[in-house]
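Readers should treat all values here as calculations from the given coordinates under stated rules, not as data from a laboratory. Everything numeric here is computed off the predicted structure, so don't read it as measured data. Cβ: placed from backbone, ideal geometry, glycine included. Neighbour counts: every protein chain shown.
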Amino acid sequence: MELSKTDILNYIKPSNLRKQPVFVNMASLGLLQIANYIIPIVVIPFVVRALGADSFGKASYAQNIIAYLTIIVNYGFEYSATQEVAINRENHSKLISIFWTVIKTKLMLLLASFVILGTLYFTFPKVHEDPVLYLFAALVNIGFALFPTWFFQGMEKMAKMAALNFAIRITSGTLTILLITAPEHYRYYLLISSTAYIVVGFIAFCYVIGHYKLMPDNDTHNEWAPVKKGFPIFLNNIFATLYTTAGFTILGLYCTDAELGIYSGAYKIIMAFVMLTSMPITLALFPNISRKFNESRSAGYSQLKKSSIIVGVFAITITVFVFFAAPLLVSLLLGSDFTASTPLLRAFSPLPFLIIMASMFTVQGLYGLQLQKYAPYIGLTSGIVCITLTITLFPVCGYYSAIIGYLTAELCEIILSGTIMWINAGKGSVK
């Protein structure tokens with residue numbers, strides 16, 4: 001199906017957008033991502049000036065290590081559970097079963113993550129040197145375990161939770177600015193952030209149970225579909241982490257804390273743009289496109305193509321903006337001590353476009369077609385490419401080896417996912 005210019009303009013007219021829940025949810029998720037990523041970015045100028053590059057590097061590296069544990073806690077539920085809720089939203093008893101199966105599983109994974117952290121204390125020098133820092137960073141996973149974002153995504157009702165999370169984050173940001181005033185406060189910087197996630201997670205958890213009447217009863221049973229569907233996504237998330245965070249992890253083995261702070265400054269800015277743009281698009285489109293593919297392949301591909309054109313143009317705009325605005329962004333957000341972050345940020349600038357398009361092919365395409373079984377192979381291949389390039393190029397390119405590895409891995413994901421979708425395009429109905 002070919003889209004004319006008129007089709008695209010009609011689709012994105014404000015009068016039409018307001019009638020479509022997906023755009024309401026995208027706006028709500030945009031507010032959620034502002035709370036989760038932009039407010040911390042606004043706080044960063046105060047934090048980096050208070051902590052300095054050295055302490056900021058220590059805190060950032062701890063967040064990097066804990067990101068691996070977060071993958072374990074989140075499993076693949078952000079897509080598998082979302083899909084099950086979206087498909088079964090009219091079946092209240094099944095929703096109860098899905099909700100409690102996911103929550104119980106996430107709590108068990110949370111316990112496992114703390115066991116792994118305890119193991120790292122004895123095996124990884126950086127954790128052993130500063131265990132309190134890593135514990136404060138790891139507490140954030142309690143919030144991730146409780147916050148049923150996947151449930152709201154599946155129900156396509158994100159506005160209230162976005163507003164609540166925004167209020168909590170404003171409070172957290174204010175406390176950070178007021179309390180983090182010296183380099184020795186770097187541990188409390190992470191504690192405040194983790195506490196914010198715990199508070200909003202607990203409130204969201206209680207709200208969902210009360211508002212949607214999800215208390216378990218005698219008929220409640222375990223619903224393993226989101227767990228089974230989530231496993232290949234979980235594996236893919238683990239492998240994807242190899243190229244989203246492994247570069248920084250590898251740099252930590254060779255670079256000083258101050259150098260890690262310089263790299264982290266550029267990384268946090270680009271990831272703020274990535275999360276503000278890609279996450280609302282990905283999470284808001286997924287339930288809608290999943291239902292279209294559930295109806296028929298033609299309906300799913302049509303919706304995917306239409307959406308890809310619109311978000312692709314948007315993503316290119318973001319990439320161009322970051323490249324040209326890099327000096328200003330670094331100056332405003334990080335200060336004069338971080339001028340070395342400017343060329344790094346420019347090198348990172350293609351990332352928003354690559355990640356958004358990769359999510360359209362992998363998340364919207366493969367997951368929507370329920371071809372999750374291919375995701376781990378794509379993630380593993382891309383991860384190996386990233387790690388190989390980072391280690392191989394580090395003696396020559398330094399910082400830039402991690403960036404080259406990351407960008408190449410995202411491009412690899414796009415090519416592999418697109419190829420699999422093309423091969424499966426004519427194979428009949430979704431199974």
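Sticking with the crude label model, points 7 Å out along Cα→Cβ, report the distance from Ser336 to Ser93 in nm, one decimal please.
Between Ser336 and Ser93, the label points sit 7.0 nm apart.
Would you please report the Å³ per residue occupied by the convex hull of the alpha carbon atoms in the range 279-431?
106 Å³
For labels at Thr119 and Ile423 in the simple 7 Å Cα→Cβ model, what's the distance in nm?
If labels sit at Thr119 and Ile423, their model points lie 3.3 nm apart.
Using Rg and Dmax of the Cα atoms in Å as the read-out, say which of (i) 20.8, 71; (ii) 22.6, 79; (iii) 21.1, 63 was calculated from these coordinates.
(iii)
Where nothing but the Cβ of Lys and Arg (+1) and of Asp and Glu (-1) is charged, how large is the charge dipole of the chain around its Cα centre, in debye to the nearest 20?
1160 debye
In whole Hz, what ³J(HN,Hα) sequence does the range 187-201 give by Karplus (6.51, -1.76, 1.60; θ = phi - 60°), x for Gly and Pro?
The phi angles translate into 5, 5, 4, 6, 5, 4, 4, 5, 4, 4, 5, 5, 4, 5, x Hz.
Under a Cβ-Cβ cut-off of 13 Å, what is the net charge of the residues other than Ala299 that fall near it, where Lys and Arg count +1 and Asp and Glu count -1?
So the surrounding residues net to +4.
Once phi is turned into θ = phi - 60°, what whole-Hz ³J(HN,Hα) does the Karplus curve with 6.51, -1.76 and 1.60 give for every residue of the range 298-314, x standing for Gly and Pro?
These are the phi-based 3J(HN,Hα) values: 4, 5, x, 5, 4, 5, 5, 5, 4, 5, 5, 5, 5, 6, x, 4, 4 Hz.
Evaluate the distance, in nm, between pseudo-label points positioned 7 Å from the Cα of Leu179 and of Thr388 along their respective Cα→Cβ axes.
Each label point lies 7 Å from its Cα, and together they span 4.6 nm.
Which one, Phe239, Gln153, Phe293, is farthest towards the positive end of the dipole of the range 148-294 when Lys and Arg carry +1 and Asp and Glu -1 on their Cβ?
Working it through, the farthest residue towards the positive pole turns out to be Phe293.
Considering the dipole of the chain built from charges on the beta carbon (Lys and Arg +1, Asp and Glu -1) around the Cα centre, which of Pro376, Phe56, Asn222 is farthest to its positive end?
In the chain, that residue is Asn222.
So how far, in whole Å, is the C-alpha centre of the range 238-281 from the one of the range 304-348?
Measuring centre to centre over Cα atoms gives 14 Å.
I'd like the FRET efficiency for Arg49 and Phe321, computed as 1/(1 + (r/R0)^6) with the beta carbon distance as r and R0 of 22 Å, rounded to 0.05.
Rounded to the nearest 0.05, the efficiency is 0.35.
How large is the Kirkwood hydrodynamic radius of the range 30-179, in angstrom, based on all distinct alpha carbon pairs?
17.2 Å
Which order do the peptides 350-363, 124-137, 394-407 take when ranked by the mean count of other beta-carbon atoms within 10 Å per residue, highest first?
350-363, 394-407, 124-137
As an exercise, use a Förster radius of 41 Å and the Cβ-Cβ distance of Lys306 and His221 to find the FRET efficiency, rounded to the nearest 0.05.
0.60
Return the whole-Å distance between the Cα centroid of the range 136-166 and the Cα centroid of the range 390-422.
30 Å
Just round it to a whole percent: the fraction of Cα-Cα distances in the range 105-155 exceeding 13 Å.
62 percent
Based on the Cβ-Cβ distance of Ser296 and Lys228, what FRET efficiency does E = 1/(1 + (r/R0)^6) give at R0 = 30 Å, to the nearest 0.05?
It comes to 0.80.
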